[in-house]
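Undergrad: Just dropping this structure here.
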Amino acid sequence: MADLPTLGRRIRHFRTAAGLTLEELGARIDVAPSQLSLIENARREPRLTLLTDLARAVGVTVADLLDESPPDERSALEIDLERAQSRAAYRELGLPTVRPSKGMADDVLRALVGLHGELDRRARLAIATPEEARRANTRQRRAMQAVDSHLPEIEALASRDVEAVGHRGGALTHRTVSLMAERMGLDLVHVGDLPHSARCVLDLENGRIYLPPASIPGGHGLRSLALQSMAHLVLGHGEPTDYADFLRQRQEASYYAAACLMPLGPTIAFLEQAKQERNIAIEDLRDAFGVTHEAAALRFTNLATSRLGIPVHFLRVDGDGSVMRAYENDGLPLPVDATGSTEGQLVCRHWSARNAFSRSTRTTEYYQYTDTPKGTFFEATQTGQGDSDEFSITVGVPYQESKWFRGRETGHRASSRCPDLTCCRRPEPGSVERWHGRAWASARVHAHIFSPLPQGTYPGIDDRELYDFLESHSPGTAADG
Ligand SMILES: [Zn+2]
């Protein structure tokens, strides 16, 4: 059955078009005018036999009545207004319900419907709860996995734009980025007083991209920021309709920026050469194109499978072992929560992403073979220092693909049984017996929103870590056993 408000309005539309009053139509089909009025006002659902009579009486088909589009613009506005006013978000405001009467001007109706639409859009954008955010994030990761993290349309746009300013390969300079902006009618302006919540600001009215001062450490991040701003124009992004849309736009903008900094042609040439020499290394890609290790690693995931035929995984892991960002299409068993989200989950402490933290020299990549229930993987990890905490960037591939990579002769080998809790999460039975109820620790609160608290005996505390700590710092451990 069609949507009642639309059906009611279509019946009224065809009745008045046939020049019939409610009384006249009622007389023709032997139905009380009050009943017809209820149907036209969407208060009652007509039976199919009545619809057949109605259609014949006004000279149309039943299909005409059941068509799902409003009969005219005015009706469409009236239906929209009724729908908007019936939503819980509007009812909660305790404001009166306005009935779109005949006397109400189209403009008034249009303004009301417009305001409701904007109210609804803002509400949906604002209520992205952490759980919704996690679900949206998971859907996004799976969508990228389905296309091997490769977006050909954006590759083509980025290649077109860097070639248009005469860039032929190697690192994309600040000057080149300025030229690209100029072609789009934009100036790059560096300011020291950006809003705290903004990384950069695109002023469409005046054709400007406001960026932090160039003197900030890690200046190459500025090129990426400027390119991400430009991406919103190139990719025709509007205001995001909800959190998932916001995430998608952000991912596309980052992709465009990365594909400009490491354009498809030169990057593939570089990687194919490295593959031929069996010497693929993210650190080389990073240095050749003058980008961060993370940017190079992510760019590698865009191209590895689709262009080099190598399945791959990527991990950015926090100093405490939790996932900040992850991607895989090679079967690596990522830690996930009940919603399928991996952000904030602890990776196995035997994985390269965490073992790399314990190395004393961290200037080069750390290599490791990791046995998991899903097979053996070769991984290369680079550690770094963020604003508040250290982190590690890992790129890994299934064992049989390690032959293309630098570091494959490493002697580092680890075995992981995660998600089996006995692998590295459950405390040793002796420790539990000894320490349960005899210690207390206060949880460090996580900075990033995606991290739920680790689940242990104490809220927010990883039991294993706590007990290990206690074991190693306790005086006379051996004697007390
Ligand atoms: Zn483990």
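The values are calculated or read from the model by the stated rules, or taken from the named source; none is laboratory data. Keep in mind the model is a prediction, meaning the values are calculated, not measured. As a convention, Cβ positions derive from the backbone with ideal geometry for all residues, glycine included, and neighbour counts pool all protein chains shown. SASA here: full protein model, heavy atoms, side chains in, ligands and nucleic acids out. Shrake-Rupley method; radii C 1.70, N 1.55, O 1.52, S 1.80 Å.
Undergrad: Please list, ordered by chain and number, the residues whose modelled amide H lies under 5 Å from the amide H of Gly344; skip anything fewer than 5 residues away on the same chain.
TA: Under 5 Å from the amide H of Gly344: Val323, Met324.
Undergrad: Another question, if that's okay. Rounding to the nearest 10 and keeping the result within 0 to 90°, find how far the Cα-based axis of helix 130-146 lies from the longest principal axis of the chain.
TA: That helix lies at roughly 80 degrees to the long axis.
Undergrad: Also, quick follow-up: Can you give me the angle between helix 48-58 and the longest principal axis of the chain, using Cα atoms only, in degrees from 0 to 90, rounded to the nearest 10?
TA: 60
Undergrad: Cross-link candidates for Lys275: which aspartates and glutamates have Cα within less than 17 Å, leaving aside residues fewer than 8 places away along the same chain?
TA: Within reach: Glu283, Asp284, Asp287, Glu379, Glu401, Glu409.
Undergrad: How large is ³J(HN,Hα) for each residue in the stretch 294-308, as worked out from phi by the Karplus curve 6.51 cos²θ - 1.76 cosθ + 1.60 (θ = phi - 60°), to whole Hz, x for Gly and Pro?
TA: The phi angles translate into 5, 4, 5, 5, 5, 5, 4, 5, 5, 10, 4, 7, 5, 10, 10 Hz.
Undergrad: Is the chain rounded, prolate or oblate when judged by the Cα gyration tensor, a ≥ b ≥ c being the square roots of its eigenvalues, rounded requiring a/c under 1.5 and prolate requiring a/b larger than b/c?
TA: Because a/c hits 1.5 or more and a/b exceeds b/c, the chain counts as prolate.
Undergrad: Would you pull out the residues with amide H under 5 Å of Arg44's amide H, same chain only if 5 or more places away, H placed 1.01 Å from N?
TA: Ile39
Undergrad: Continuing with the same structure: Using the Karplus curve 6.51 cos²θ - 1.76 cosθ + 1.60 with θ = phi - 60°, what ³J(HN,Hα) values do you get for each residue of the stretch 63-70, in whole Hz, with x for Gly and Pro?
TA: Working through the residues one at a time gives 4, 4, 5, 7, 3, 8, 8, x Hz.
Undergrad: Rounded if a/c is under 1.5, else prolate if a/b beats b/c, else oblate: with a ≥ b ≥ c from the C-alpha gyration tensor eigenvalues square-rooted, which is the stretch 59-135?
TA: Verdict is oblate for the stretch 59-135.
Undergrad: If you plug each phi of the stretch 26-36 into the Karplus form 6.51 cos²θ - 1.76 cosθ + 1.60 with θ = phi - 60°, what whole-Hz ³J(HN,Hα) values come out, in order, with x for Gly and Pro?
TA: Karplus-based 3J(HN,Hα) across the stretch 26-36 equals x, 5, 5, 10, 6, 10, 4, x, 5, 5, 4 Hz.
Undergrad: Taking a ≥ b ≥ c as the square roots of the eigenvalues of the Cα gyration tensor of the stretch 117-269, is the shape rounded (a/c under 1.5), prolate (a/b larger than b/c) or oblate?
TA: Cα axes put the stretch 117-269 in the oblate bin.
Undergrad: For every other residue with a beta carbon closer than 14 angstrom to the beta carbon of Gln145, add +1 if it is Lys or Arg and -1 if Asp or Glu, then tell me the sum.
TA: Net charge around Gln145: +1.
Undergrad: Using only the alpha-carbon atoms, how far is helix 220-234 inclined from the longest principal axis of the chain? Give it as 0 to 90 degrees, nearest 10.
TA: It works out to around 20 degrees.
Undergrad: Oh, and also: Taking only C-alpha pairs under 8 Å that are 6+ residues apart, what is the relative contact order of the chain in percent?
TA: 10
Undergrad: Can I ask one more? In the chain, which longest range has no GluC sites (Glu not before Pro) that are both DSSP loop (not H, G, I, E or B) and surrounded by at most 16 other Cβ atoms within 10 Å?
TA: Longest run free of exposed loop sites: 278-408.
Undergrad: On to the next question. Taking Cα pairs under 8 Å and at least six residues apart, what relative contact order does the stretch 19-106 come out at, in percent?
TA: The normalised contact order for the stretch 19-106 reaches 15 percent.
Undergrad: Could you put Lys374, Lys102 in order of accessible surface area, largest first, with the 1.4 Å probe and the full protein assembly present?
TA: Listed by decreasing accessible area, they come as Lys102, Lys374.
Undergrad: Report the paramagnetic label zone for Asp245: residues of the stretch 69-85 whose backbone N is under 20 Å from a point 7 Å from Cα along the Cα-to-Cβ axis.
TA: Counting only backbone N, you get 77, 80-81, 83-85.
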